[in-house]
Amino acid sequence: MRPVIGITTYVEPATWGVWHDLPTALIPQDYVAAVTAAGGRAVLLPPDDLDADVLGVLDGLLLSGGADLEPELYGQSPQPLTVTRPERDAAELLLARTALGRDMPVLGVCRGMQLLTVAAGGTLHQHIPDVLGHEGHRPAPAVYGHQEVVFTTGSRIAALMGEDRRVQCYHHQGVADAGSLTVTGRTEDGLVEAVEEPSRTFVLGVQWHPEVVRDKRLFGALVAAAREYGSRRSGSQH
């Protein structure tokens, strides 16, 4: 059986057929396709903050992109350009913290990396153009920015990416303080682009969007770690 990877979903107004602006739990197909191409079985997780019991049937967790996190979660007041989805925050922080406690493999993408950071006691920049003085990480609506990343020698992300340093990103917030996580990648303007938890089997966050290019290096690593986790979990049940 393929490793089962849970993917957190957006909740946004969506339109199709005769339905208009219907509140919808959804995810860009790129995430599903990337997991499938890497050998995993994708399962979508709508926001649910009642419990994290679903982790009992998963082998790995993919924290997807989306809206900004609520700044109160890291001790700040919202700034004018911060747009949040509190129902996602509550549900995904519960999933992330429980998964980390179980040493379940976790990959955070964009917002997902920021959520891992907040779960680890870190803080965010609410609008990075105010910090960096440019819009290069989100140059225009629906236009990805292209950045060069410097990876920490010996880190997991450096091993996965090799000599490939160019990534595409789309975000206006970023990691200010990674908390208990280890920063293992930065753009040349100094912004955090990758974080890891070396004490865990597989905990990786990236600020860019590897799903758009179906990056089998990152998703393959998640699926491989999930396969091992599933084998350990199955063994402990016998």
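Every number here is computed from the coordinates shown, using simple stated rules; none is lab data. It should be emphasised that the depicted structure is a prediction, and the values quoted were computed from it without experimental measurement. When we count neighbours, we look across all protein chains shown, and the Cβ atoms used for this are built from the backbone with ideal geometry, even at glycine.
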* When you have a sec, figure out the Kirkwood radius of the stretch 32-89 from all distinct Cα pair distances and drop it here in Å to one decimal? => 13.9
* **Cα-Cα pairs of the chain separated by more than 23 Å (percent)** => 46
* Which semi-axes, in whole Å and largest first, does the equivalent ellipsoid of the stretch 163-238 have when worked out from the alpha carbon gyration tensor as the square roots of 5 times its eigenvalues? -> 28, 16, 10
* Just H20, H127, H137 to compare: in a GNM of the chain, with alpha carbon springs under 10 Å, which one fluctuates most? -> H20
* Asked: How much FRET efficiency would the formula 1/(1 + (r/R0)^6) give for D103 and T153, where r is the Cβ-Cβ distance and R0 is 25 Å, rounded to 0.05?
  -> 0.50
* Asked: Considering only the chain, what is the antiparallel percent among its DSSP beta bridges, to the nearest 5?
  -> 60
* Structure fact -> Rounded to the nearest 0.05, FRET efficiency between L81 and R2 (Cβ-Cβ, R0 35 Å) equals 0.30
* Given springs between every Cα pair under 10 Å in a Gaussian network model of the chain, which of Q126, Q114, Q76 has the largest fluctuation? -> Q76
* **Proportion of all alpha-carbon pairs of the stretch 1-128 beyond 23 Å (%)** => 33
* Between H127 and A14, what length comes free when the chain is fully extended (0.36 nm per residue of separation minus the Cα-Cα distance, one decimal in nm)? -> 38.1 nm
* Structure fact -> Most fluctuating of E163, E87, E228 in the GNM of the chain (C-alpha, under 10 Å) is E163
* To do: Once you have the Kirkwood Rh of the stretch 68-200 from its Cα pairs, apply Stokes-Einstein at 10 °C and 1.306 mPa s and quote D in µm²/s.
  => 103
* Asked: Alpha carbon centre of the stretch 76-110 versus the stretch 31-56: separation in Å?
  -> 15
* Karplus couplings for the stretch 88-93 from phi (6.51 cos²θ - 1.76 cosθ + 1.60, θ = phi - 60°), rounded to Hz, Gly and Pro as x? -> 5, 4, 4, 5, 6, 5
* Just from its helices, what would the mean residue ellipticity at 222 nm be for the chain, if runs of 4 or more DSSP H residues each count -39500 (n - 2.57) and the sum is divided by every residue, rounded to the nearest 500 deg cm²/dmol? -> -8500 deg cm²/dmol
* Kindly state, to the nearest 0.05, the FRET efficiency for A140 paired with Q168, given R0 = 22 Å and r defined as their beta-carbon distance. => 0.95
